[in-house]
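Encoded as structure tokens, the structure appears first; notes follow it.
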Amino acid sequence: MGSSSHFPAEDKLREKSEYHGWEMSLDLTLEEQEVLNHVRGRIYEPPSNASTTARNKLTSVEVKAKKIIRDSINKRLMAYISELTTSNENYDRLVSLFKVSDTNQVLFLRNKLKEIKKGKDESMQAYFLRITEIKNDLLSIREVAPDRELTITTLGGLPSEWYIFKTTLLNNNVIPGFEELMARCIQEETRMEEQEMSALRGNPIAFSSHYKRRNNSRARSKGKVELKGGRKGRCYICNKIGHCVRECPDIKDTSHDDD
């Protein structure tokens, strides 16, 4: 009667997306069964003059380890290790089979992170979301992007009008972490927008055009339209409640005067 491999059936390796969960579960199972060091080649075969008991013990460990490994994968993956003889070879083949793919993915994601730039009409929140998604994709394949690297990369992707902001931060002795940088950038974006709107407030038509253009660009980056000047909101032209910017009577009056 064969012994149980003790490997959780739900953690079996079937496809690449399951690799990291499988590797962790396999290592824990091998360690629990006291054969992990043997599988990783840290325990060497006894010399030819070793006792029969010692050799039989090694054979028993080897059989146990191979059974755990083979029970941990889907049958269609068995072809990749069927010709191998030792548990160490089995383990290394399966790991290398997916590690190569991970290496290519890491290179792709790191290059994507390196070249990231904030779009002209992209909101700061959307920009940081794109960077966070790349960071999380790297984490999913056990590649950690250091916080300082994320901060430098994020600052490097900001447009030219952010030069003073970037220079000020980089010249400080303590560079903020990624989360703190996001908060500062969103705050600075709000300040810059308020300053720009204040400059346009004297020209209602130009202000309305700028406001509509900004909201339309943000709707594209978020995938939905979010107009702040709703019917029950506050108009940013006359500062009155009850109508949006495009319905402001001040704009209509100005347009009528121009005619």
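Bear in mind these aren't lab numbers, they're just calculated from the coordinates by the rules spelled out. Everything quoted here is computed from the prediction, not taken from an experiment. Here Cβ is always computed from backbone atoms with ideal geometry, including for glycine, and neighbour counts include all displayed protein chains.
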For this session: Report, in debye and to the nearest 20, how large the dipole of region 116-199 comes out about its Cα centre when Lys and Arg carry +1 and Asp and Glu carry -1 on their Cβ.
Result: 260
Exercise. Shape call for region 9-101 from the C-alpha gyration tensor, a ≥ b ≥ c root eigenvalues: rounded (a/c under 1.5), prolate (a/b greater than b/c) or oblate?
Worked result: prolate
Seminar exercise, completed: With x for Gly and Pro, the residue-by-residue ³J(HN,Hα) of region 177-192, computed from phi through the Karplus equation 6.51 cos²θ - 1.76 cosθ + 1.60 at θ = phi - 60° and given in whole Hz, is x, 4, 5, 5, 4, 4, 4, 5, 5, 5, 5, 5, 4, 4, 4, 5
For this session: For each pair in K12/K135; K12/K57; K16/K117; K16/K114; K16/K64; K16/K135, compute the distance between the two Cα atoms and list the pairs where it is over 21 Å.
Result: K12/K135; K12/K57; K16/K117; K16/K114; K16/K64
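Which of the three applies to region 1-156, rounded, prolate or oblate, going by the alpha-carbon gyration tensor with a ≥ b ≥ c and a/c under 1.5 meaning rounded?
It comes out prolate by the Cα gyration axes.
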Exercise. Say R0 is 41 Å: what FRET efficiency, to the nearest 0.05, do H20 and N49 get from their beta-carbon distance?
Worked result: 0.45
Exercise. When the chain is fully extended, how far beyond the present Cα-Cα distance does D102 get from S140, taking 0.36 nm per residue of separation?
Worked result: 12.7 nm
Seminar exercise, completed: Once amide hydrogens are built 1.01 Å from N within the peptide plane, the residues lying 5 or more places from I73 or on another chain with amide H under 5 Å from its amide H are L13
